Amino acid sequence: MATLPHEMTIEILLRLSVKDLLRFKCVSKPWCSSIDDPDFIKLHLSHSVKTNTNHSLILRHCEYHFFSVNYDSLKTTQRLNHPLGEQKTPIKILGTCNGLLAVIDDNGRIFLWNPSTRKSQVLPSTEIEFSSPSIFFPRSTYYGFGYDPISDDYKLVRMVQVHGKNNSYLHSEAKVYSLRSNSWRRIKDFCFYLSFYREFGFLADNALYWMVLKTPQSGNKSLVGFDLGTEEFRFVELPDSCLNKRFCMNLKAMGGYLCLIATYTEFNDDVVDIWIMKESWIKLISWKKSESILGFPIVIPLAFSKSGDKVLFSIALHKFVWYDLGRFVWYDLGSKKVEKVGIRDVPILHDVDLYVQSLVPLNSNALMVNNEMP
């Protein structure tokens, strides 16, 4: 029997889903070796990103139930096995990148999880390297997770800051976890102020982004980015029209770009502007509550369609707490028409992220979590 050339076999495998690839590892030793090869894993991931295939929505319901929705069909939900193997352990998603999710439980333990391969890894703990005051002071902790193509490494950033009375500054530190070395290290301190108890950064263009304050007394938020290659912080300019109004601003990442959702009041009407950062800020959508064609003033942009002419939105419950109502709509950027998306068995009140299914492995020398399906 004639066999396909190796190059043709690889081209075929690149177009398969992770689920199929995991099954086909049993076909032969050469296939298993090819699928496990680090170069093939990168090629498969690159193909999925470029063709906008093998993407899924991941929904977290009641803090410990997880569901996946295939982005190509958006028809039904599939329940995922809990990443820690303990179905009653509440966890939050810190960030997603290339099919890996960084999650944290109520005890502060951090894990990396690949839902497609059902592998989870416990990150080593790291102490805060400054003494806490003897009396209670508010503490802010910000996280961000992403990939550095220069060092070919996945990194988790943690910023901690303790505030004194009247928002006076006490101490702060920044640390970076490296998946390659499976260790934490402290980096240069940051020169801004964290305004909330806990925030999660958004990944776009090899950098992580958060909304912060330049001074404790500042009433306006500023946008700061962290370059995953140079590991340096920098302030990023907001759209000009966002500088002179009182905005409620939130960040998302969409299609590899940073997305800014700005809500404000104008002539006694709530206005929502959605901006996207390419070479500069571009206003993607703008509407007023009184004439909102989406029917709700608070919506969360999730992803572009494959053709790029539509945006998938999730309907949120509250503009300050983004819990979704289990409703999704397509918004046509050209015609400005809305099409409801009927996904079966979507739980009410969830938060949602988009991730790409991948074979990206964890650190084989780290402590793994057994969360295989029974």
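Quick note: the coordinates plus some simple rules give every number you see, no bench work behind them. Please read all numbers here as calculations on a predicted model, not as lab measurements. Please note: Cβ atoms are built from the backbone with ideal geometry, for glycine as well, and neighbour counts cover all protein chains shown.
Candidate cross-link partners of LYS337 among the aspartates and glutamates, defined by an alpha-carbon separation under 15 Å and a same-chain spacing of 8 or more, comprise GLU291, ASP309.
Take the Cβ-Cβ distance between THR9 and TRP330 as r, set R0 to 22 Å, and report the resulting FRET efficiency rounded to the nearest 0.05.
Details: r = 37 Å, r/R0 = 1.67.
Efficiency for this residue pair is about 0.05.
Inter-part distance, the stretch 217-283 to the stretch 33-57, computed on C-alpha centroids, equals 31 Å. By the rule of a C-alpha distance below 14 Å, with chain neighbours fewer than 8 residues away ignored, the aspartates and glutamates paired with LYS92 are GLU63, ASP105, ASP106, GLU199, ASP351, ASP353.
A straight Cα-to-Cα reach below 17 Å connects LYS336 with the lysines LYS283, LYS288, LYS289, LYS310, residues fewer than 8 places away in its own chain not being considered.
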